[in-house]
1. Could you say whether any residue in region B:203-219 is surrounded by fewer than 20 Cβ atoms within 10 Å (Cβ to Cβ), out of contact with any Lys or Arg (no Cβ under 6 Å at 6 or more places or on another chain), of a type outside the set (S, T, N, Q) and not in a helix (DSSP H, G or I)?
2. For region B:133-140, state whether one or more residues are in contact with a helix residue (DSSP H, G or I) (Cβ under 7 Å, 6 or more places away or on another chain), surrounded by 11 or more Cβ atoms within 10 Å (Cβ to Cβ) and among the polar types (S, T, N, Q).
3. Scan region B:244-302 residue by residue and report those that are modelled with pLDDT of 90 or more and small (Gly, Ala, Ser).
4. Which of the residues belonging to region A:210-235 are surrounded by 14 or more Cβ atoms within 10 Å (Cβ to Cβ) and polar (S, T, N, Q)?
5. Surrounded by fewer than 20 Cβ atoms within 10 Å (Cβ to Cβ), within 11 Å of another protein chain (Cβ to nearest Cβ), among the basic types (Lys, Arg) and in a helix (DSSP H, G or I) - does that describe any residue in region A:183-197?
6. Let me spell it out: the conditions are (1) more than 14 Å from chain B (Cβ to nearest Cβ); (2) outside any loop (DSSP other than H, G, I, E, B); (3) in contact (Cβ under 8 Å) with a residue 60 or more places away in the chain, and A:Ser41 meets all of them except one. Which number is the exception?
7. Could you list all residues from region B:220-235 that are surrounded by fewer than 20 Cβ atoms within 10 Å (Cβ to Cβ) and more than 15 Å from the chain's Cα centre (by Cα)?
8. Considering only helices (runs of 4 or more DSSP H) fully contained in region B:270-373, which possess at least 3 residues that are in contact with an Asp or Glu (Cβ under 8 Å, 6 or more places away or on another chain)?
Amino acid sequence: MNRIIEVKDLSTIIKGKKIHNNLNLHVNKGEIYAIVGGSGSGKTVLLREMILLMKPTSGSINILGVDISKTNHNEISKINKKIGVLFQTGGLISSLNVIQNVSLPLKENTNLPKDIIDDLCVIKLSLANFPMDSVYLYPSELSGGMVKRASLARALIMDPEILFLDEPTSGLDPVSSVFFNNTIKKLRDLLGITIILITHDLLTINSIVDRMLVILNGEKLAEGTVLEVSKTDHPWIKNYFHAGGI
Amino acid sequence: MDNFLRLNTFNKDSVKVLLIGKWVLSSLDEILKEIRSLRLEDYTHIFFDLSGVMGLDVSGAYVFKSLVEGLRKQKKHVEIYNISNNYLNLLELIQNNQTELDSELKNNKLIFLLKIGEHFYNLLGDIVFFLSFFGEICLTFFRLLIKPKKIRWKEVLYEIENTGVYAVPIVALVAVLSGIVISYQGAAQLSKFGANIFIVDLIGLSIAREMSPLLTSIMVAGRSGSSYTARIGSMILNDEIDALRTIGISPIELLVMPKFFAMIICLPLLIFVADIVGIGGGLFISHMLLNLNFHTLIFRLKSSLSITSFLIGILKGPIFAIPIVFISCFRGFHVKNSSEELGKYTTMSVVNTIFFVIILDALLSIIFQKIGI
């Protein structure tokens, strides 16, 4: 099972507006896969469909060998345990502090004793470079970068096979975003997780991404390794890769 | 039972443990159970063989590592064989990332003292904040009195529509129901004494003077007060208030004062509506229950309900409007950074406004009693 995610002929229509038009893509196991596209091109909707928050209008999405457009509730919760998601604005629960947020999935889904849960949380927070003196803070007291890191730790806590990141470096300063990129790469190399990310950040694309997809207005423009895509002859893609190369 | 650890005892003291299966989070429960049942601490020499491990994630590696460390702490001789580079890296990663949590706050036995202190500190902050808020409101109010042109009439009209016009149905419903209740209760008692006609005095006075101002204010406090708090609070969460300040618009002038003027205008009018509907409903029920004709009822009402009593009821409107608007807006400005606070302060705002309305009503009753009107 080399192809961990396979999307076939995906179309999405929301309120009469066509979001995706016959989209095809696949993600291989263990790679860092980027989804790139202009604002409003359907990236986030695609991600939401892959993490089972939305259903596509037609077509199929195959994750870990399961066709999620035809699944029942039981299988969905099984898949949910195998994926971790970092939402664009963090998605941390505001009434829980950082360590409670990170331990929430473990408390809900396992019967592990509290000291083991705490230790696992500390390891994951440290992996995500979260400063240990701030674990009792509440989300509202955190800076943007710390929210991203706490949220990454929560996404990692169930040891997922696939990690979805929605604009992981948006709102971070260049130094932090290099750091964050390195963290993501380190996680992939050590844990063998497949990582799918939505990004606008050329820095991320050039430094850590293996393969990428470019969508514009719901149509696939190009898919392949970063080098392949950057050589595609399309004005939008040319502009995109030029934007950072002044 | 030996799904994850398989023992191979050499002699009384040494044992070889073959690790098998997937050491991942989903099977961690069973692994822990197995480790506990094996009692590895009974041996002095323990050799772990990892050649049979099918998969290892961070959680599994953590459990293995703490098992090894626990045994080493008890001065056992532990050796690990056949560990792949990948797994070794994983163990190293955990070693590097395992830090002790600063548990000072976590296990503080005096935490309740901390809570009490925090509570009083917050209360003090509340009082200071209220004073500064009240000061800003007074300043803005007098500034607007001097320059009435700066009153934002468009906002005032919008608020009148929202807090006044749209509240009419619910206020009228509550008023008519209270009228019906009073007249039912009154009729049962008064008919025993043959004092049927006095039902009009009862309904007129109690509704116009007490019931309709109080019930209307409570309805409006619950309906509009909570919405004021929530609206201002969510504007703060969106940085809208800060944006207004940088643009040079005083949030008090734009958000609080129009609500205040609207409420001062609306509440007496709503009370008037409640008076009419409430007394009307009460008289209608009296007509049905006690066989008094409408002409008699109206005539009696004219002589029993003095204009002073009626005006006192209406006048309570602007007086109650003050705590309703100011407390609910004050609570709205209290929200700082989370949606949880928004809920908390909205609840607080409704409780506080209703409480203050009732206290004010009681105070006014005593005052009117003393000065004899």
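The values are calculated or read from the model by the stated rules, or taken from the named source; none is laboratory data. Source: prediction; values computed, not measured. With ideal geometry, Cβ positions are generated from the backbone for all residues, glycine too; neighbour counts draw on all protein chains shown.
1. Scanning region B:203-219, I find no residue that is surrounded by fewer than 20 Cβ atoms within 10 Å (Cβ to Cβ), out of contact with any Lys or Arg (no Cβ under 6 Å at 6 or more places or on another chain), of a type outside the set (S, T, N, Q) and not in a helix (DSSP H, G or I), so the answer is no.
2. Taking region B:133-140 and keeping what is in contact with a helix residue (DSSP H, G or I) (Cβ under 7 Å, 6 or more places away or on another chain), we get B:133, B:136-137, B:140.
Now narrow it down to the ones that are surrounded by 11 or more Cβ atoms within 10 Å (Cβ to Cβ): B:133, B:136-137, B:140.
Okay, now just the ones that are also among the polar types (S, T, N, Q), so B:140.
Within region B:133-140 (the criterion being in contact with a helix residue (DSSP H, G or I) (Cβ under 7 Å, 6 or more places away or on another chain), surrounded by 11 or more Cβ atoms within 10 Å (Cβ to Cβ) and among the polar types (S, T, N, Q)), the answer is yes, since at least one residue qualifies.
3. B:Ala262, B:Ala274, B:Gly278, B:Gly280, B:Gly281, B:Gly282, B:Ser286
4. Narrowing region A:210-235 to residues surrounded by 14 or more Cβ atoms within 10 Å (Cβ to Cβ): A:210-224, A:226, A:229-230, A:232.
Answer for region A:210-235, where residues must be surrounded by 14 or more Cβ atoms within 10 Å (Cβ to Cβ) and polar (S, T, N, Q): A:Asn217, A:Ser230, A:Thr232.
5. First, the residues of region A:183-197 that are surrounded by fewer than 20 Cβ atoms within 10 Å (Cβ to Cβ): A:183, A:185-186, A:188-190, A:192.
If we keep only those that are within 11 Å of another protein chain (Cβ to nearest Cβ) as well, we get A:186, A:189-190, A:192.
Restricting the remaining residues to those that are among the basic types (Lys, Arg) gives A:186.
Those left that are additionally in a helix (DSSP H, G or I): A:186.
Yes, region A:183-197 contains a residue that is surrounded by fewer than 20 Cβ atoms within 10 Å (Cβ to Cβ), within 11 Å of another protein chain (Cβ to nearest Cβ), among the basic types (Lys, Arg) and in a helix (DSSP H, G or I).
6. (2)
7. Taking region B:220-235 first, the residues surrounded by fewer than 20 Cβ atoms within 10 Å (Cβ to Cβ) are B:222-223, B:226-227, B:230-231, B:234-235.
Of everything in region B:220-235, just one residue is surrounded by fewer than 20 Cβ atoms within 10 Å (Cβ to Cβ) and more than 15 Å from the chain's Cα centre (by Cα), namely B:Met235.
8. Working: elements: B:294-304, B:307-334, B:339-371.
Of the helices (runs of 4 or more DSSP H) lying wholly inside region B:270-373, those with at least 3 residues that are in contact with an Asp or Glu (Cβ under 8 Å, 6 or more places away or on another chain) span B:307-334.
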